[in-house]
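Okay, so here's the structure we're looking at.
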Amino acid sequence: MQRSGKGKTPRRPGQRKQCNIEKDPVGVYCRIRPLGTEDEECCIEMISSSTIQLHAPDGLKANRNGEYKETQYSFKKVFGVNTTQIELFEDVGKLLIEDLIQCKNGLLFTYGVTGSGKTYTMTGSPGEGGLLPRSLDMLFNSIGPFQTKRFVFKPDDKNGMEIQSQVDALLERQKRDSQQSVSKIPSSRQKADPEIADMISSDDACKVENVDEDSCYSVFVSYIEIYNNYIYDLLEDAPFDPIRPKPPQSKILREDQNHNMYVAGCTEIEVKSTEEAFEVFWKGQKKRRIANTQLNRESSRSHSVFTLKLVQAPLDADGDHILQDKNQVNVSQLCLVDLAGSERTNRTRAEGSRLREAGNINQSLMTLRTCMEVLRENQMCGTNKMVPYRDSKVTHLFKNYFDGEGKVRMVVCVNPKADDYEETIQVMRFAEMTQEVEVPRPVDRPICGVAAGRRHRNQAFRDELSRQLEERGGPFNAGNAVRDPAQLNHLIESLPAIPPCELVDPADDQMLPRLIEVLQRRHHTRQMIIEEFNKTANTVNSMLQQFDSQLSSKGNFLHDQQSKLSEKDKVIVSQKTEIERLEKKSKTLEYKIDILQKTTDMYEQDKRTLQHELETRDHRLHRELSDRRRIEQHMQGMVTDTRLKWEKECERRVNAKQLEMQNKLWVKDEKLKQLKAIVTESSPAQRPERPTRERDGNIAQKRSASPSPLPTAPAVHPIHRRSHSAGGEKWVDHKPSSNLDVDTVMQPIIPNAIKVSTPNEKALSKCHKYVLRHQELASDGEIETKLIKGNVFKTRGGGQAVQFTDIETLRQECPTAPSRKRRSGSAERPAQLEETENTAPVTSTGSSYFYQKRRKP
Ligand code: ADP
Ligand code: MG
């Protein structure tokens with residue numbers, strides 16, 4: 001806990017994460033309670049001051065075939081059955097109270113199954129006060145003389161403390177006193193409730209020695225119960241209706257500005273003594289019992305949290321009054337938690353809603369267990385898993401402690417009886433795991449008052465003054481410098497009484513001297529008193545002078561302070577004007593911001609509209625783009641189609657042209673050959689007369705290209721035909737090897753034909769009919785087969801000649817071919833042929849060629 005602003009609980013040390021934080025493991029202690037009866041079977045043995053050994057009860061061992069072994073568990077310290085409450089307190093509680101006074105927080109809880117001694121350890125029994133009453137006692141023993149009057153500190157309902165002026169505190173005290181005149185708070189042990197009177201014995205009073213005397217202290221207590229994950233305020237002063245008792249209202253948890261968890265609206269009672277504090281606790285305890293009975297709850301299933309809040313603030317420079325500075329107020333707290341029994345639900349044999357509730361309670365202990373597991377895992381593996389504090393009220397309320405807000409200690413209570421063995425094992429496992437959890441060590445913060453030792457110095461000054469007065473003027477009370485009335489009375493009483501002074505006898509000569517003597521003695525005493533008085537007056541005078549000088553020095557000091565104050569005032573005034581200026585400026589700026597905000601809104605609106613428009617256009621553009629793309633694709637497809645088609649067409653035309661040219665070439669070749677033959681045949685020496693008709697080009701006759709043609713042999717009559725009776729018509733079927741096989745159904749089948757790929761004399765001599773299968777490419781790209789037929793006859797020179805008589809054309813047509821083709825193929829091409837040649841090509845066996853006017857088939 002550290003000094004913090006505005007009397008709040010301090011901020012959790014979140015920033016400390018990075019640096020090397022010192023950590024302490026959770027302090028886990030174990031307390032073994034005595035067995036209920038001597039003859040009960042015991043299953044726990046304490047083997048050292050820090051180790052216990054569990055052994056399975058005989059029955060269980062026998063049942064489970066030795067499955068249960070002896071197990072040992074170690075703790076910070078083990079308290080055996082004979083440990084007294086004070087011994088336990090000295091080890092467990094004392095340090096927490098010391099810490100509390102040193103402004104550090106603490107959390108102490110008892111854990112164990114029902115009946116294991118948790119409440120005994122925490123609260124105790126008459127004559128055997130537990131940790132709670134002892135903690136209270138030690139706290140009040142330590143701060144007792146330095147406590148403030150009531151209502152100087154006041155809870156601000158936000159987990160912080162406010163500081164009240166003396167007057168406000170006084171007024172509130174008077175108001176409270178008038179209200180509570182009936183139920184006065186007991187101020188001594190005798191007046192306390194007989195039930196609790198014995199809880200705190202003054203014999204073993206503990207005390208913290210080094211309490212800062214220059215601070216003022218005040219203690220506030222609160223007491224809550226968590227049942228079924230609901231928080232109830234046990235100190236709430238709700239009007240009680242015995243006829244229709246209202247169920248208690250549950251409270252909620254809040255986080256204060258320093259991220260510490262607290263119960264919102266929880267009653268915090270200021271207490272000034274152990275008895276008063278314990279009385280408050282006892283009242284809450286009674287209320288708890290009544291509520292449990294009325295609402296039929298099982299008390300062992302609830303957690304109770306008693307919180308001791310210590311508020312401290314330094315004294316002012318004079319050491320007489322509390323410093324009225326909220327920022328100097330420190331709050332530290334110690335939570336004493338008596339947890340619900342940790343046993344599993346089935347053990348309590350609860351049913352229905354009780355069972356559900358029990359489940360919830362178990363759930364909160366389960367959550368506590370899970371939190372410990374996660375914390376341990378995070379620490380051991382360096383992970384940063386989220387600790388599920390929020391899963392239950394108990395863990396949520398104490399989450400700050402595990403994050404380094406204070407020391408955490410746990411007393412694990414165990415009952416060594418055999419019945420509890422299995423539950424005890426669970427408790428031990430939890431305790432063992434908890435011990436491995438490390439909690440960041442709370443930081444040490446020295447309390448920085450104005451100047452140390454003010455209270456002490458003031459007392460020393462008073463003592464010294466009284467001593468000096470005594471030395472100088474006898475028995476003076478240093479406090480008021482007035483003569484001790486008893487001594488004065490004694491002096492007056494010691495005056496001799498005045499004897500009767502009535503002269504009745506003229507001869508009486510004794511009375512007058514006696515009277516004179518008495519008067520003289522009285523005069524002497526009077527002188528003495530006068531002297532004393534003068535002395536005193538002088539002393540008082542000198543004292544007054546001293547005081548005067550002190551006062552004047554104080555006055556000077558005050559003057560100084562006042563001038564400082566006025567300076568400060570000036571600074572404050574200037575700062576106030578500055579603040580006003582800044583406020584004005586901030587207002588102007590706010591106005592500007594407002595305007596800007598509006599402008600922004602307008603622009604924002606514009607932007608939205610434009611954006612919308614943009615989106616629409618974008619959309620349209622997109623659509624158009626996709627349309628265009630589609631068309632483009634379509635066009636491309638068409639282009640490719642057309643290109644392919646034209647490519648094919650071109651190819652086809654080129655082929656046709658090639659064939660045509662070849663034909664032409666061939667014809668020219670033939671003509672040349674013929675010419676050559678004519679030239680050779682009719683050389684002027686050997687053949688002077690040459691038939692004219694050979695030259696006219698109508699009928700060509702060629703001599704066989706035999707090696708030795710007869711130069712004198714006359715031309716055979718071309719019309720001559722062989723006798724048909726000699727064995728029917730025999731054909732030479734000339735199929736050039738360049739011909740392609742076409743897939744037509746109609747093929748000329750000529751019986752008795754001699755099939756040749758080149759015509760030869762031998763074949764021709766045997767036949768009298770000749771047919772040439774001539775293929776050419778028609779204009780539509782299809783192959784056209786022409787069957788050029790002719791008659792074979794013998795030439796006069798002994799060779800064979802063929803006269804062409806007929807042409808048959810075979811054509812194959814594709815049914816899907818466009819009509820255009822037919823047009824160009826059937827009309828144009830033949831016409832061209834006719835024009836250019838006007839003849840049909842003929843072939844012969846090599847002896848002669850004939851040209852004949854072509855007959856159209
Ligand atoms: P819990 O709160 O765990 O349910 P209690 O504290 O109520 O258990 O203890 C049950 C009984 O055992 C009480 O009567 C109590 O007085 C007694 N007891 C517990 N621990 C001790 C102890 N160390 N010495 C003597 N009696 C004890
Ligand atoms: Mg209990």
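Taking the conditions exactly as written (more than 16 Å from ligand 1 (Cβ to nearest atom), at pLDDT 85 or above and open to solvent by less than 40 Å² (accessible area, probe 1.4 Å)), does ASP137 satisfy them or not?
In short, yes.
Applying the selection to segment 362-415, what residues are small (Gly, Ala, Ser) and over 21 Å from ASN258 (Cβ atoms)?
SER364, GLY382, SER392
Consider GLN546 carefully, then state whether it is at pLDDT below 90 and not hydrophobic (A, V, I, L, M, F, W, C).
The answer is yes for GLN546.
Quick one: which residue in THR71, THR114, THR148 is of a type in the set (S, T, N, Q) and in contact with a Leu (Cβ under 6 Å, 6 or more places away or on another chain)?
Exactly one of THR71, THR114, THR148 is of a type in the set (S, T, N, Q) and in contact with a Leu (Cβ under 6 Å, 6 or more places away or on another chain), namely THR71.
Could you grab me the full set of residues in segment 310-337 that are open to solvent by 10 Å² or more (accessible area, probe 1.4 Å), assigned to a strand (DSSP E or B) and either within 21 Å of ASN260 (Cα to Cα) or basic (Lys, Arg) (or both)?
GLN333
Of (1) within 16 Å of ligand 1 (Cβ to nearest atom); (2) of a type outside the set (Val, Ile, Thr); (3) open to solvent by 10 Å² or more (accessible area, probe 1.4 Å), LYS283 satisfies all except one. Which?
Of everything listed in (1) within 16 Å of ligand 1 (Cβ to nearest atom); (2) of a type outside the set (Val, Ile, Thr); (3) open to solvent by 10 Å² or more (accessible area, probe 1.4 Å), LYS283 misses just condition (1).
Report whether or not LYS648 is of a type outside the set (Asp, Glu) and farther than 30 Å from ALA778 by Cα.
It is false that LYS648 is of a type outside the set (Asp, Glu) and farther than 30 Å from ALA778 by Cα.
Yes or no: ASN384 part of a loop (DSSP other than H, G, I, E, B) and either in contact with an Asp or Glu (Cβ under 7 Å, 6 or more places away or on another chain) or at pLDDT below 95 (or both)?
For ASN384, the condition - part of a loop (DSSP other than H, G, I, E, B) and either in contact with an Asp or Glu (Cβ under 7 Å, 6 or more places away or on another chain) or at pLDDT below 95 (or both) - is met.
If we only count strands (runs of 3 or more DSSP E) wholly inside segment 220-292, which ones have 2 or more residues that are modelled with pLDDT of 90 or more and not charged (D, E, K, R)?
230-233, 261-263, 269-271
Quick one: would you say ARG301 is within 16 Å of ligand 2 (Cβ to nearest atom), in contact with a helix residue (DSSP H, G or I) (Cβ under 6 Å, 6 or more places away or on another chain), farther than 21 Å from GLY129 by Cβ and not aromatic (Phe, Trp, Tyr)?
In short, yes.
Looking at segment 645-661, which of the residues that are aliphatic (A, V, I, L, M) and open to solvent by less than 90 Å² (accessible area, probe 1.4 Å) is farthest from GLN775 (Cα to Cα)?
Checked segment 645-661; the qualifying residue farthest from GLN775 (Cα to Cα) is VAL654.
Search segment 265-280 for residues being open to solvent by 10 Å² or more (accessible area, probe 1.4 Å), within 44 Å of the chain's Cα centre (by Cα) and in contact (Cβ under 8 Å) with a residue 60 or more places away in the chain, and hand back the single one that is nearest to ligand 1 (Cβ to nearest atom).
Looking at the filtered set, the residue picked out is GLU268.
Just a yes or no: is a residue in segment 318-335 on the phi < 0 side of the Ramachandran plot, within 16 Å of ligand 2 (Cβ to nearest atom) and modelled with pLDDT of 95 or more?
Checked against the condition, which is being on the phi < 0 side of the Ramachandran plot, within 16 Å of ligand 2 (Cβ to nearest atom) and modelled with pLDDT of 95 or more, segment 318-335 yields no hits at all.
Hey, can you tell me all the residues within segment 299-338 that are out of contact with any Ser or Thr (no Cβ under 6 Å at 6 or more places or on another chain) and within 16 Å of ligand 1 (Cβ to nearest atom)?
Result: SER299, ARG301, SER302, HIS303, SER304, VAL305, PHE306, LEU336, VAL337.
Is there a residue being basic (Lys, Arg), away from ligand 2 (no atom under 15 Å from the Cβ) and free of Cβ contacts under 8 Å to residues at least 60 places away in the same chain anywhere in segment 304-317?
no
Take segment 31-58 and flag every residue that is part of a loop (DSSP other than H, G, I, E, B), open to solvent by 50 Å² or more (accessible area, probe 1.4 Å) and away from ligand 2 (no atom under 16 Å from the Cβ).
Correct list: PRO34, THR37, GLU38, ASP39, GLU40, GLU41, ILE47, SER49.
Identify the residue in segment 123-134 that is more than 12 Å from PHE281 (Cβ to Cβ) and part of a loop (DSSP other than H, G, I, E, B) and, among all such residues, is farthest from ligand 2 (Cβ to nearest atom).
My answer is GLY127.
Quick check, is GLU90 within 16 Å of ligand 2 (Cβ to nearest atom), of a type in the set (Asp, Glu) and surrounded by fewer than 21 Cβ atoms within 10 Å (Cβ to Cβ)?
In short, no.
So the check is Cβ under 6 Å with 6+ separation or different chains; which pairs have a first residue in segment 521-545 that's more than 19 Å from ARG467 (Cα to Cα) and a second one that's surrounded by 12 or more Cβ atoms within 10 Å (Cβ to Cβ)?
ARG521/PRO496; ARG522/LEU495; THR525/LEU495
Within segment 112-121, can one find any residue that is away from ligand 2 (no atom under 16 Å from the Cβ) and hydrophobic (A, V, I, L, M, F, W, C)?
No, because not a single residue in segment 112-121 is away from ligand 2 (no atom under 16 Å from the Cβ) and hydrophobic (A, V, I, L, M, F, W, C).
From the set of residues in segment 338-356 that are at pLDDT below 60 and within 16 Å of ligand 2 (Cβ to nearest atom), which is most open to solvent (accessible area, probe 1.4 Å)?
If we take residues in segment 338-356 being at pLDDT below 60 and within 16 Å of ligand 2 (Cβ to nearest atom), then ARG347 is most open to solvent (accessible area, probe 1.4 Å).
Could you tell me whether segment 59-71 includes any residue that is open to solvent by 30 Å² or more (accessible area, probe 1.4 Å), within 16 Å of ligand 2 (Cβ to nearest atom) and assigned to a loop (DSSP other than H, G, I, E, B)?
Checked against the condition, which is being open to solvent by 30 Å² or more (accessible area, probe 1.4 Å), within 16 Å of ligand 2 (Cβ to nearest atom) and assigned to a loop (DSSP other than H, G, I, E, B), segment 59-71 yields no hits at all.
Given the conditions (1) of a type in the set (S, T, N, Q); (2) open to solvent by less than 30 Å² (accessible area, probe 1.4 Å); (3) not in a helix (DSSP H, G or I), report the number of the one that SER142 does not fulfil.
(3)
Filter segment 97-111 down to the residues that are away from ligand 2 (no atom under 15 Å from the Cβ) and among the polar types (S, T, N, Q), then identify the one that is nearest to LEU339 (Cα to Cα).
Here the answer is ASN105.
Under 9 Å between Cβ atoms, at least 6 apart or on separate chains: pull out the pairs that start in segment 102-121 with a residue that is free of Cβ contacts under 8 Å to residues at least 24 places away in the same chain and end on any residue that is near ligand 1 (Cβ under 7 Å from one of its atoms).
Short answer, once both residue conditions are applied: none.
Does segment 90-122 hold any residues that are within 13 Å of ligand 1 (Cβ to nearest atom) and part of a helix (DSSP H, G or I), and which are they?
LYS118, THR119, TYR120, THR121, MET122
Has segment 14-30 got any residue that is on the phi > 0 side of the Ramachandran plot, more than 16 Å from ligand 1 (Cβ to nearest atom) and either open to solvent by 40 Å² or more (accessible area, probe 1.4 Å) or modelled with pLDDT under 90 (or both)?
No, that holds for no residue.
To keep it simple, each residue is scored yes or no on (1) farther than 30 Å from GLU782 by Cα; (2) open to solvent by less than 80 Å² (accessible area, probe 1.4 Å); (3) touching a Ser or Thr at 6+ places or on another chain (Cβ under 8 Å).
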site	(1), (2), (3)
GLN561	yes, yes, no
LYS564	yes, no, no
VAL571	yes, yes, no
ASP627	yes, yes, no
MET638	no, no, no
ARG643	no, no, no
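The values are calculated or read from the model by the stated rules, or taken from the named source; none is laboratory data. Being a predicted model, the structure only gives us computed values, none of them experimental. Cβ atoms come from the backbone with ideal geometry, glycine included; neighbour counts cover every protein chain shown. Just the protein is used for accessible areas: all its heavy atoms, side chains included, with ligands, DNA and RNA removed. Shrake-Rupley method; radii C 1.70, N 1.55, O 1.52, S 1.80 Å.
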